[in-house]
Amino acid sequence: MEEKINKLEQRIQECMRPYQHAITLWTSMPGIREVTAWSLVVEIGTNPEQFPQGSHLTSWAGMCPGNNESAGKRKSGKTRKGNRWLRRTLNQAACAAARTKNTYFAARFHRLAAKRGSKRAIVAIGHKILVLAHYLLQHNCVS
């Protein structure tokens with residue numbers, strides 16, 4: 001079974017060679033490893049012009065908070081339905097980033113989790129990761 005897994009991973013690495021630059025950019029962020037970067041390539045691609053801003057990408061992915069307000073009263077803040085595979089990948093990356101030491105994502109997670117709860121904090125960190133991933137790809141820089 002291990003041999004089959006290794007062969008499959010080598011095949012995936014061969015297929016991902018044309019996208020190596022984006023994978024290198026994204027793996028420089030805390031919480032994102034090679035497999036997560038592969039998922040980002042598959043789900044959102046490497047063309048930053050598809051989404052003019054990171055907010056458009058997060059909205060498409062369903063990682064932005066809802067805003068239901070009427071007469072000054074805030075009602076449900078449920079997130080939108082979006083790409084379920086991308087959401088799951090980002091939530092896993094956010095969990096990993098929240099457990100890193102001395103990073104912005106970990107500090108933000110602990111700050112938000114104290115106020116709003118850990119599940120909402122994970123979604124917020126996933127949102128930040130996606131915005132940063134779009135920014136890195138659009139501006140072609142390493143964090």
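Some values worked out for this structure:
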item: Of all accessible heavy-atom area on the chain, the percent that carbon and sulfur account for (1.4 Å); result: 50
item: Cβ-derived FRET efficiency at R0 30 Å, SER28 paired with ASN83, nearest 0.05; result: 0.85
item: The range 87-132 - accessible surface per residue (Å², probe 1.4 Å); result: 61
item: Cα gyration tensor shape for the range 81-143, rounded if a/c is under 1.5, else prolate or oblate; result: oblate
item: Net charge contributed by nearby residues that have their C-beta within less than 12 Å of LEU8 (K/R +1, D/E -1); result: -1
item: Inter-label distance, nm, simple model (7 Å from Cα along the C-beta direction), ARG108/SER70; result: 3.2
item: Equivalent-ellipsoid semi-axes of the chain, from the Cα gyration tensor, Å, largest first; result: 29, 18, 15
item: Contour excess over end-to-end distance, with Cα ends at GLN53 and GLU2 and 0.36 nm allotted per residue; result: 14.2 nm
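The values are calculated or read from the model by the stated rules, or taken from the named source; none is laboratory data. What you are looking at is a predicted structure, and each value in this text was computed from that prediction instead of being measured. When we count neighbours, we look across all protein chains shown, and the Cβ atoms used for this are built from the backbone with ideal geometry, even at glycine. Protein only, heavy atoms only, side chains kept; ligands, DNA and RNA dropped before computing areas. Shrake-Rupley method; radii C 1.70, N 1.55, O 1.52, S 1.80 Å.
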